[in-house]
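Structure first, then comments.
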Amino acid sequence: MNPLNTLLQKAATQNQAAFQQLYTEVSPKLFALCLRLVNYDNEAAEEILQEAFIKIWNKADKFDVQKGNAMAWMSTIVRNQTFDRLRSYKSRPELVEETEYETIEYTANDLQPEQKLLYRQQIAKLKDMLDELPANQRECITHSIVYGRSHSQIADEMNVPLGTVKAWLRRNIKVILDVMSDTDAYGLH
């Protein structure tokens, strides 16, 4: 049996040691996933990951080893938590404090408020674009971009022809790049 599955099942019984070990083993991977989803906003990724682990702890008893593996289940929770956070950015007005940014440390290390706002807007655009896709194409993109799976792995997992996977990815990656092209114009990557 997969050791992560075993740890998650033990965590479902409120076994704190198992949960701590699970956290130690998977948090770097889940943080990397979260970081990519929030366009490398370190602070947002840390907050989202913390919230996701609270959900993982509280819902560990819902994990069913017959339906999948622990890493995929936890990745889905992180992804959903991220999308929930992105939706909340979209639904509430952006509050900008009137603060003077006089120190060289701020200009050298942090994004300007306008750049942060642009990040949020681009992520909201991306989220909207993904929401408009059929579920199978959205899943295909997730397997490719988020999980880094090859075209043939995706075709096998989704039980669709390899050519279909390639067509979905080619078509939708182009749309994603078009949606995100404004970000590059501002020098953000």
Checklist entry - Just a yes or no: is a residue in region 65-78 touching a helix residue (DSSP H, G or I) at 6+ places or on another chain (Cβ under 8 Å), closer than 26 Å to A124 by Cβ and open to solvent by 20 Å² or more (accessible area, probe 1.4 Å)? => result yes
Checklist entry - How many residues does region 1-51 contain that are among the acidic types (D, E) and open to solvent by less than 60 Å² (accessible area, probe 1.4 Å)? => result 1
Item to check | In region 52-64, the residues that are loosely packed, with under 12 Cβ neighbours inside 10 Å and not in a helix (DSSP H, G or I) | outcome: D64
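The values are calculated or read from the model by the stated rules, or taken from the named source; none is laboratory data. Keep in mind it's a predicted model, so treat the numbers as computed, not measured. Counting neighbours? That spans all protein chains shown, and the Cβs are built from the backbone with ideal geometry, glycine included. Protein only, heavy atoms only, side chains kept; ligands, DNA and RNA dropped before computing areas. Shrake-Rupley method; radii C 1.70, N 1.55, O 1.52, S 1.80 Å.
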